[in-house]
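Before any comments, here is the structure.
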Amino acid sequence: MMIPSTVIDDLIARRPEAVQLLSQLLAIPTVSADPGCAELLQKAASTLSELFHSAGAGWVTEVVPTAGHPIVWARYRRPGNTRRAIVYGHYDVQPADPLNLWTTPAFEPTIRDGRIYARGATDDKGQMLTHVLSALAWMRAEGSLPIDLDFIIEGEEEVGSENLERFLEQHREELKGDVAVISDTSQYAPGWPAITTGLRGIFACEIKVHGPRKDLHSGVFGGAIPNPIRELARLLSLLHNEQNEVQIPGFYEGVIPLTPEDRTGFTELPFDEASFLNETGAAGLRGEAGYTAIEQRWARPTCEFNGIFGGYTGPGPKTIVPACASAKITCRLVADQDPQRLMKSLEAFLQANLHPACRLEFTGDHGCPAFLMDRTSPYLAAASRAVEAGFGKAPVFIREGGSIPVVATFKRLLGLDTLLLGWGQNTDNLHSPDEHFSLEDFHRGTLASAALWAELARL
Ligand code: BES
Ligand code: MN
Ligand code: MN
């Protein structure tokens with residue numbers, strides 16, 4: 001066991017305090033997408049920075065303002081340490097809507113059945129806090145840490161991390177390290193801790209089809225004037241074929257194919273299609289032909305429609321030809337697809353196929369490439385030992401379908417691989433009503449983190 005017993009004792013004795021601290025953070029509604037929450041994000045950032053201020057000798061902490069929400073940057077240096085890790089987390093959360101589907105209010109953290117319920121419980125306040133708590137425990141119990149650390153905790157992950165990229169560019173000389181560490185993913189299943197070696201990338205955009213200048217009487221004008229909802233629906237229908245393959249030109253160019261080893265690795269994981277479907281409530285699967293459900297979610301790119309709106313959506317009928325119709329689209333990407341190139345290709349494809357009687361407005365939003373890590377990295381072996389120390393079971397290696405923009409930025413700007421050590425579960429309702437985090441996973445994650453500092457220092 002690599003964790004000094006003094007650190008373990010400290011962590012166990014302070015579990016009630018740790019849960020209270022998590023509750024305190026969860027009670028702050030840090031919705032980064034909501035401009036009305038700006039002061040609350042500021043408050044969460046200062047709450048976090050105060051934690052580091054109490055850490056003792058060797059720590060320098062600042063709250064760095066950005067064009068958006070602030071970044072908490074806490075640095076630990078000790079002469080003699082030979083390793084340095086960059087630890088990333090995010091204190092912002094997704095909107096809590098729909099509010100009426102929460103059993104208890106989203107920002108009134110409540111413990112039921114050994115789980116803490118609140119928006120951000122698992123994504124990412126609970127998971128992020130495990131690393132802060134383990135570092136503080138080392139400081140209290142041992143007076144120092146065996147590894148230098150840079151905590152970077154941002155408030156804009158859920159809106160694409162664009163200001164963080166600027167921060168990393170500005171400080172790239174000071175941020176030299178050996179490896180990055182993030183807990184913002186999931187275990188494979190309860191009792192199956194996992195290390196994630198691949199994440200999908202993403203790009204997000206919105207399209208708006210314009211017809212007449214304003215809504216018109218559909219009896220007087222309809223039949224002669226183009227209907228933008230019809231045109232939008234037709235355009236969207238062009239984006240997939242019957243095999244559920246994406247039809248954006250060049251979409252699959254540069255996609256790194258799955259190797260036979262990747263594919264057997266995936267089939268060795270237990271997967272029950274019926275319970276997977278049951279979890280979602282969908283009546284059946286619908287994915288790209290020739291790939292398993294795991295492959296479709298972890299290693300194949302997609303084009304998803306996230307929202308569609310336009311015309312009259314109030315009660316009862318209304319006979320109009322609407323002026324416009326919109327859709328929000330995100331594409332999940334795999335290595336080595338280029339988000340900017342594909343966003344342009346999508347725009348050009350839609351413009352080229354648009355009926356000449358309509359006008360199309362295309363607005364690009366955030367984007368980031370996918371991440372794929374070399375499975376033979378010694379950092380993965382060290383992390384694996386740490387996870388086993390915390391969870392009592394060796395982790396499986398998986399990929400995941402979600403995106404964390406900074407992971408590709410760490411690789412590109414700082415040359416760092418990221419250890420994605422997920423303490424959460426896919427069933428924690430992240431981004432959904434009744435989000436929660438198991439307190440057992442919270443405490444085990446904290447122990448694993450405490451072990452990680454020792455394991456990395458030893459490499
Ligand atoms: N923590 C998630 C990403 C995640 C969740 C990865 C579960 C793997 C498993 C992160 O906070 C998130 O939600 N990211 C967004 C992307 C962002 C650019 C809006 C996502 O994946 O939709
Ligand atoms: Mn997250
Ligand atoms: Mn998220």
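The values are calculated or read from the model by the stated rules, or taken from the named source; none is laboratory data. Just so it is clear, the model here is predicted, and its values are computed rather than measured. Glycine gets a Cβ as well: all are built from the backbone with ideal geometry, and neighbour counts include every protein chain shown. Protein only, heavy atoms only, side chains kept; ligands, DNA and RNA dropped before computing areas. Shrake-Rupley method; radii C 1.70, N 1.55, O 1.52, S 1.80 Å.
Miscellaneous remarks
- Once all protein chains are placed together, Thr363 keeps about 70 Å² accessible to a 1.4 angstrom probe.
- Taken as Cα centroids, region 282-306 and region 410-437 sit 20 Å apart, rounded to the nearest whole angstrom.
- Inter-label distance for Ile12 and Asp374, nm, one decimal - labels placed 7 Å from Cα along Cα-to-Cβ: 4.0 nm
- Accessible area of Glu388 in the full protein assembly, 1.4 Å probe (Å², nearest 10): 90 Å²
- Once the Cβ-Cβ distance of Thr319 and Asn100 is raised to the sixth power relative to R0 = 25 Å, the FRET efficiency obtained is 0.20.
- Fraction of accessible area attributable to carbon and sulfur, the chain (%, probe 1.4 Å): 51 percent
- The lysines within cross-link reach of Lys125, meaning a Cα-to-Cα straight distance under 18 Å and a gap of 8 or more places when in the same chain, are Lys43.
- Cα-based shape type of region 129-172, given that a ≥ b ≥ c are square roots of the gyration tensor eigenvalues and the cut on a/c is 1.5: oblate
- Rounded, prolate or oblate (a/c below 1.5 giving rounded, otherwise prolate when a/b exceeds b/c) for region 15-67 by Cα gyration tensor: oblate
- A straight chain from Lys176 to Arg140 at 0.36 nm per residue would run longer than the Cα-Cα distance by 10.3 nm.
- Taking the centroid of alpha carbons for each part, region 150-191 and region 316-351 are 28 Å apart.
- Hydrophobic long helices, here whole DSSP H runs in the chain with Kyte-Doolittle means of at least 0.0 and Cα atoms spread over 30 Å or more along the helix axis, are not found.
- The chain - mean residue ellipticity at 222 nm from DSSP helices (-39,500 (n - 2.57) per run, n ≥ 4, rounded to 500): -10500 deg cm²/dmol
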